[in-house]
Amino acid sequence: MPLVALGVADLFNFVDYSKTSLAISAAAIAFNPTFWNIVARREYRTKFLTRAFGGNSQVACYFLAVTIFGLGLVRDFLYERALRDQPSHPLLEGTYVKYAAYALLALGNLLVITSTLRLGITGTFLGDYFGILMDGIVTGFPFNVTSAPMYYGSTMSFLGTALLYGKPAGLLLTAWVLFVYIIAIQFENPFTAEIYAKRDRERAKAAGTGKKEL
């Protein structure tokens, strides 16, 4: 079959939807942000993790960080396994596609790594929910490029991997990753903003009380 006849519109005919690994990968992608949002909100409201670690919120946050990181490794393994089970498409096997794949992987990892360095472990892994708040909003790179560099950087890495393997199923799963992350942002950003707003209200109240006492 001529390459031109295949066409871009034919890409998703090269997805084998019967493969269990595809569904498992999609489930893992959705599970991770759902898990950490549920656990972090429960921690914020009940301090159940902090109490489990003897009242040490720092250690509790590191425990959640290790858990999230581990789940991320499992998710990535399942994604790669799903891609290996899928057919490749000739349009995704060219040299320039490989160049684009490496560029996406490099840029995606740059966004993830630099945002982690900017925020630190507790800032990256939901320390706000443990009462470990940052002094102010981080505005330097990569946060001057996007407000969610870890999410978009991760999405770029998924896309880069899909192109590197030449798998249309990877493109489909990448779209799912982006959708899941956008939904997660809608839940996380307002909640995190309210945590800091509450901190600011409490500081203002304490400052006002101090002035009255003077």
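The values are calculated or read from the model by the stated rules, or taken from the named source; none is laboratory data. Everything numeric in this text was worked out from a predicted model, so none of it was measured. Cβ: placed from backbone, ideal geometry, glycine included. Neighbour counts: every protein chain shown. The protein model used for the area step is the full one, side chains on, heavy atoms only, and it has no ligands, DNA or RNA in it. Shrake-Rupley method; radii C 1.70, N 1.55, O 1.52, S 1.80 Å.
A compact table of results
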read-out	value
Label-point separation, residue 121 to residue 176 (7 Å along Cα→Cβ), nm	3.2 nm
For the chain, calculated [θ]222 nm from helices alone, where every DSSP H run of n ≥ 4 adds -39500 (n - 2.57)	-25500 deg cm²/dmol
Residue among 45, 118, 203 with the largest mean-square fluctuation in a Gaussian network model of the chain, springs linking Cα atoms under 10 Å	203
Inter-label distance, nm, simple model (7 Å from Cα along the C-beta direction), residue 196/residue 81	3.9 nm
Charge-dipole axis of the chain as Lys and Arg at +1 and Asp and Glu at -1 on Cβ define it, positive-most pick from 17, 156, 73	73
Protein accessible area in the range 89-174, 1.4 Å probe - carbon and sulfur %	67 percent
About the Cα centre, charge dipole magnitude for the chain (Lys/Arg +1, Asp/Glu -1 at Cβ), debye	780 debye
Solvent-accessible area per residue, Å², over the range 144-214 with all protein chains present [probe radius 1.4 Å]	55 Å²
Rough spin-label spacing in nm, given labels placed 7 Å along Cα→Cβ, for residue 187 and residue 31	1.5 nm
Where the Cα pairs of the chain fall when distances are cut into 10 Å bins, in %	8, 28, 30, 19, 10, 4, 2, 0, 0
Within a Gaussian network of the chain (alpha carbon springs, distance under 10 Å), most fluctuating of 130, 35, 158	35
Paramagnetic label zone (point 7 Å from Cα along Cα-to-C-beta, residue 107; backbone N under 18 Å) in the range 126-158	141-158
FRET efficiency, residue 67 to residue 93 (Cβ-Cβ, R0 45 Å, nearest 0.05)	0.75
Separation between Cα centres of the range 89-138 and the range 159-177, rounded to whole Å	17 Å
Proximal lysine pairs, the chain, alpha carbons under 21 Å, eight or more residues apart or interchain	4
